[in-house]
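Enquirer: Take this structure first; my questions come after.
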Amino acid sequence: MCGIAGYWSFGNEAFPILLKALENLEYRGYDSFGFATISDGKLVIRKAVGRISNSRCDLIEGRMGIAHTRWATHGGVSERNSHPHRDCTNRFAVAHNGIIENYQELRNYLISEGHNFLSETDTEVISHLIEQMVIKDGRNLKKAVMDVSDKIEGRNAFIVLDAFNNEMIASRKGSPLIVGIKGSSDEEKEVFIASDIPAFLEHTNKVMYIDDGEGVIINGSPLFFRLSDGLPVDKRLITIDWSPGQAEKGDYDHYMLKEIMEQKESIRRAANQNPEELMKVAQMINEAKGVFFIGCGTAAKVCQSAEYFFSEIAGRHVNFVPASEFDNYRHFLIPKTLVIAVSQSGETADVLEAISIAREKGSKVISIVNSIGSSMTRVSDYTFMINAGPEKAVASTKATTSQMTVALLLAYACAGKLKEGMRNLVSLAGEVNDMLNPRYIEHIRYVAENISDSRSIFIIGRGVNYPIALESAIKVMEVSYIHAQGFAGGELKHGPIALIEKGTPVIALVADDDVREEILSNAIEVKSRGAFVIGISPENNEVFDLWIRTPPSLGVLSSIINLIPVQLLAYYLGIINNRNVDMPRNLAKAVTVL
Ligand code: M6R
């Protein structure tokens, strides 16, 4: 995925505002970046490869402009492939997020029409199509944007800056775009447009959502229209309950650490759901003919945890399916099936695709999402917002435990034990608060120092802690680049134990539950083959070479508690190994491509 931004005002310079917007969107892609403004009626474009900073890109003048931060898909990481992309006449510049599935065919057509391509990207077809339609065919820019949106296939959002008419027009079809407004009088007004709210949160928390299939013209107050027929659309100005500080690092060195530490509050906020809505959805779950939890990556592990939560708490079977594999289940979907989509960003393409399969079959869709106004909130029958606040580190931490909190609440609600569940989760938030103290964190850093030069790390768990072992491995791998793998404790002896050699770190996730003895036996099995065993557990045990203490007697909630020390461990493994923990290589915060 990429981040796009645009800015318009009567009097302010756009560049510093766009630069800050890109810094705030950098979590969406950090291969290269670029800006386009209109200065003296001419397009000015600057691009650079690598991390966003003004020292790498000369200041450009103009009170209106667009900007882009790239996560490369079509075409390598180079200045040439960075956005914005211009047309042959140098009148239009385009910033784009998404993938144009039929770009090859469009590119061939445009080349046959005499257009000269400067990059290998799919995006560049937009600038030349716009040029073709406006300059050669005589359409106005709005109509050209409507026609281009219709022509390009896939999930896309783009902004076109027109140096001749001094305006920009954006289109949303599948990828997110939000408009922010500051000031009321025309002279004071500033208009922002971006892929995500944190891009402009320090200037305004007043937003207007662009829905799928809509466009917006910006050269003054934004004018929204339908891409299908150009008719105007009325929008409400919505105030977002986020403060700029929530999207900043504050005193922390990294977003990841800040977000891990925020879990003391974020779990409490996630638990503060409307009981009536929880009961309503619980009834839908209880009456459904088949319930599928779907998500990708870490969110998929939350879905897998939900299988255990519903079984343990409500004696109810729910299915977990990675969203990217959901197509295989289409034959089992009927209108009485319930699909519960879990996503931090609300924009993951595989999840959106799975939702559209469910919709085709007439199934109901509930989503559990963090990003306000994201696509998933708009295509679901009901959405639980987890209210974790902006999560900017690529590795998901606080959103994960908040998603687990909502899944737990639903399981409690299905069992008719919602009040008990809410109490348990609030007291769990208290335990997290006590746990995350400086001595505890120092101890985890010490544990990380002991295993930071390992080639491989294994994590084992049973019951509710099995999906946590899988999620722990994702965390370790993505921020430290150390190979890590999670296993169900009982599976080790069926193959993976062959990998254990002297000193191989194995993290055992232990809880005060009915699989405690079994997971300790698995720890003994690997220890007797030379493993270096790290126990995450309420009590110490002679099998542990190092011990990370957790609060006792949490039952099913031990899954949330056990994950938090591993998140910290992964963070320190990344720091000790000099990794960019907030922006690990090759990854993007939300994967908006299939
Ligand atoms: O925004 P989503 O929750 O839908 O994202 C799903 C995955 O891409 C995401 O969880 C990914 O695995 C993270 N990097 C995990 O830390």
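Enquirer: So ASN580 fits all but one of (1) within 16 Å of the ligand (Cβ to nearest atom); (2) within 21 Å of LYS264 (Cβ to Cβ); what number is the exception?
Expert: If we test ASN580 against (1) within 16 Å of the ligand (Cβ to nearest atom); (2) within 21 Å of LYS264 (Cβ to Cβ), just (2) comes out false.
Enquirer: Among the listed residues ASP229, ASP186, ASP234, ASP196, which satisfies the condition of being open to solvent by 10 Å² or more (accessible area, probe 1.4 Å), at pLDDT below 90 and farther than 26 Å from ASP40 by Cα?
Expert: ASP196
Enquirer: Additional query: What are the residues in segment 285-296 that are in a helix (DSSP H, G or I) and either within 16 Å of the ligand (Cβ to nearest atom) or surrounded by 19 or more Cβ atoms within 10 Å (Cβ to Cβ) (or both), if any?
Expert: ILE285, the sole residue that qualifies.
Enquirer: Of everything in segment 184-238 that's touching a helix residue (DSSP H, G or I) at 6+ places or on another chain (Cβ under 7 Å) and among the small types (Gly, Ala, Ser), which residue is farthest from LYS173 (Cα to Cα)?
Expert: Result: ALA199.
Enquirer: Then there is this: Here is a list: SER343, SER324. Which entry is within 14 Å of the ligand (Cβ to nearest atom) and surrounded by fewer than 22 Cβ atoms within 10 Å (Cβ to Cβ)?
Expert: SER324 is the lone residue from the list that is within 14 Å of the ligand (Cβ to nearest atom) and surrounded by fewer than 22 Cβ atoms within 10 Å (Cβ to Cβ).
Enquirer: Any residue in segment 346-360 that is not assigned by TED's automatic domain parsing to the domain that holds GLY98 sitting within a Cβ distance under 7 Å of a residue that is more than 15 Å from the ligand (Cβ to nearest atom) and in a helix (DSSP H, G or I)? List the pairs, counting only those 6 or more apart or interchain.
Expert: Short answer, once both residue conditions are applied: ILE357/ASP327; ILE357/ARG330.
Enquirer: Picking from ILE460, ILE468, ILE444, which residue would you name as being aliphatic (A, V, I, L, M), open to solvent by less than 10 Å² (accessible area, probe 1.4 Å) and part of a strand (DSSP E or B)?
Expert: ILE460
Enquirer: Mind counting the residues in segment 483-506 that are more than 17 Å from GLU517 (Cα to Cα) and open to solvent by 30 Å² or more (accessible area, probe 1.4 Å)?
Expert: 10
Enquirer: Test MET146 against the criterion of being touching a residue at least 24 places away in the same chain (Cβ under 8 Å), in contact with a Phe, Trp or Tyr (Cβ under 9 Å, 6 or more places away or on another chain) and either part of a strand (DSSP E or B) or surrounded by fewer than 17 Cβ atoms within 10 Å (Cβ to Cβ) (or both), and give yes or no.
Expert: Considered against the rule, which asks whether it is touching a residue at least 24 places away in the same chain (Cβ under 8 Å), in contact with a Phe, Trp or Tyr (Cβ under 9 Å, 6 or more places away or on another chain) and either part of a strand (DSSP E or B) or surrounded by fewer than 17 Cβ atoms within 10 Å (Cβ to Cβ) (or both), MET146 comes out as no.
Enquirer: Right, something else. If you go through segment 352-368 one residue at a time, do you hit one that is in a helix (DSSP H, G or I), at pLDDT below 95, more than 13 Å from the ligand (Cβ to nearest atom) and in contact with a Lys or Arg (Cβ under 8 Å, 6 or more places away or on another chain)?
Expert: No; the residues of segment 352-368 include none that is in a helix (DSSP H, G or I), at pLDDT below 95, more than 13 Å from the ligand (Cβ to nearest atom) and in contact with a Lys or Arg (Cβ under 8 Å, 6 or more places away or on another chain).
Matching residues to (1) part of a loop (DSSP other than H, G, I, E, B); (2) open to solvent by 10 Å² or more (accessible area, probe 1.4 Å); (3) outside the structural domain of GLU262 (by TED's automatic domain parsing):
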{"residue": "SER396", "(1), (2), (3)": "yes, yes, no"}
{"residue": "ALA399", "(1), (2), (3)": "no, no, no"}
{"residue": "SER402", "(1), (2), (3)": "no, no, no"}
{"residue": "THR405", "(1), (2), (3)": "no, no, no"}
{"residue": "GLY416", "(1), (2), (3)": "yes, yes, no"}
{"residue": "GLY421", "(1), (2), (3)": "no, no, no"}
{"residue": "ASN424", "(1), (2), (3)": "no, yes, no"}
{"residue": "SER427", "(1), (2), (3)": "no, yes, no"}
{"residue": "GLY430", "(1), (2), (3)": "no, yes, no"}
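Enquirer: Here is a further query. Can you tell me which residue in segment 297-321 is nearest to SER345 (Cα to Cα), limited to those that are surrounded by 24 or more Cβ atoms within 10 Å (Cβ to Cβ) and within 16 Å of the ligand (Cβ to nearest atom)?
Expert: Ranking the qualifying residues of segment 297-321, first place goes to ALA299.
Enquirer: Separate question: Please go through (1) surrounded by 19 or more Cβ atoms within 10 Å (Cβ to Cβ); (2) at pLDDT 95 or above; (3) closer than 14 Å to GLU391 by Cβ for ARG269 and return the number of the only condition it doesn't satisfy.
Expert: (1)
Enquirer: Still on this model: Need the failing condition index for LYS173 against (1) modelled with pLDDT under 95; (2) outside any strand (DSSP E or B); (3) open to solvent by 30 Å² or more (accessible area, probe 1.4 Å), just the number.
Expert: Looking at each condition in turn, LYS173 falls short on (2).
Quick grid of which residues meet (1) within 16 Å of the ligand (Cβ to nearest atom); (2) within 29 Å of the chain's Cα centre (by Cα):
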{"residue": "GLU542", "(1), (2)": "no, no"}
{"residue": "PRO552", "(1), (2)": "no, no"}
{"residue": "SER559", "(1), (2)": "no, yes"}
{"residue": "LEU573", "(1), (2)": "yes, yes"}
{"residue": "ASN586", "(1), (2)": "yes, yes"}
{"residue": "LEU594", "(1), (2)": "yes, yes"}
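Enquirer: Under 6 Å between Cβ atoms, at least 6 apart or on separate chains: pull out the pairs that start in segment 559-588 with a residue that is at negative phi and end on any residue that is open to solvent by 40 Å² or more (accessible area, probe 1.4 Å).
Expert: That search, which allows pairs on different chains as well, returns TYR572/ARG445; VAL581/HIS254; ASP582/HIS254; ALA588/TRP71.
Enquirer: Those residues that are in contact with a strand residue (DSSP E or B) (Cβ under 6 Å, 6 or more places away or on another chain) and not hydroxyl-bearing (Ser, Thr, Tyr), I need them from segment 90-130; list them, please.
Expert: ASN90, PHE92, ALA93, VAL94, ALA95, HIS96, ASN97, GLY98, GLU124, ILE126, ILE130
Enquirer: When you go through (1) acidic (Asp, Glu); (2) free of Cβ contacts under 8 Å to residues at least 60 places away in the same chain; (3) within 13 Å of the ligand (Cβ to nearest atom) one by one for GLU259, which number turns out not to apply?
Expert: Single failed check for GLU259: (2).
Enquirer: Let me ask something else about it. Return a yes/no flag: does segment 486-507 have any residue that is within 16 Å of the ligand (Cβ to nearest atom) and either free of Cβ contacts under 8 Å to residues at least 60 places away in the same chain or within 30 Å of TRP71 (Cβ to Cβ) (or both).
Expert: The answer is yes, given that some residue of segment 486-507 is within 16 Å of the ligand (Cβ to nearest atom) and either free of Cβ contacts under 8 Å to residues at least 60 places away in the same chain or within 30 Å of TRP71 (Cβ to Cβ) (or both).
Enquirer: Mind checking which pairs have a first residue in segment 525-552 that is over 15 Å from ASP513 (Cα atoms) and a second that is in a strand (DSSP E or B) and polar (S, T, N, Q), Cβ under 8 Å, 6 or more apart or different chains?
Expert: PHE544/SER537; TRP547/SER537; ILE548/SER537; ARG549/SER537
Enquirer: Of a type in the set (A, V, I, L, M) and farther than 28 Å from ALA314 by Cα: which single residue out of VAL510, VAL432, VAL447 fits that description?
Expert: Sole residue among the options that is of a type in the set (A, V, I, L, M) and farther than 28 Å from ALA314 by Cα: VAL447.
Enquirer: Something else: Which of the residues that make up segment 32-59 are surrounded by fewer than 20 Cβ atoms within 10 Å (Cβ to Cβ), modelled with pLDDT under 85 and under 25 Å from LYS392 (Cβ atoms)?
Expert: GLY50, ARG51, SER53, ASN54, SER55, ARG56, CYS57
The values are calculated or read from the model by the stated rules, or taken from the named source; none is laboratory data. None of these values were measured; they are calculated from a predicted model. Every residue, glycine among them, receives a Cβ derived from its backbone with ideal geometry; neighbour counts consider all protein chains shown. All accessible areas refer to the heavy atoms of the entire protein, side chains included, with ligands and DNA or RNA removed. Shrake-Rupley method; radii C 1.70, N 1.55, O 1.52, S 1.80 Å.
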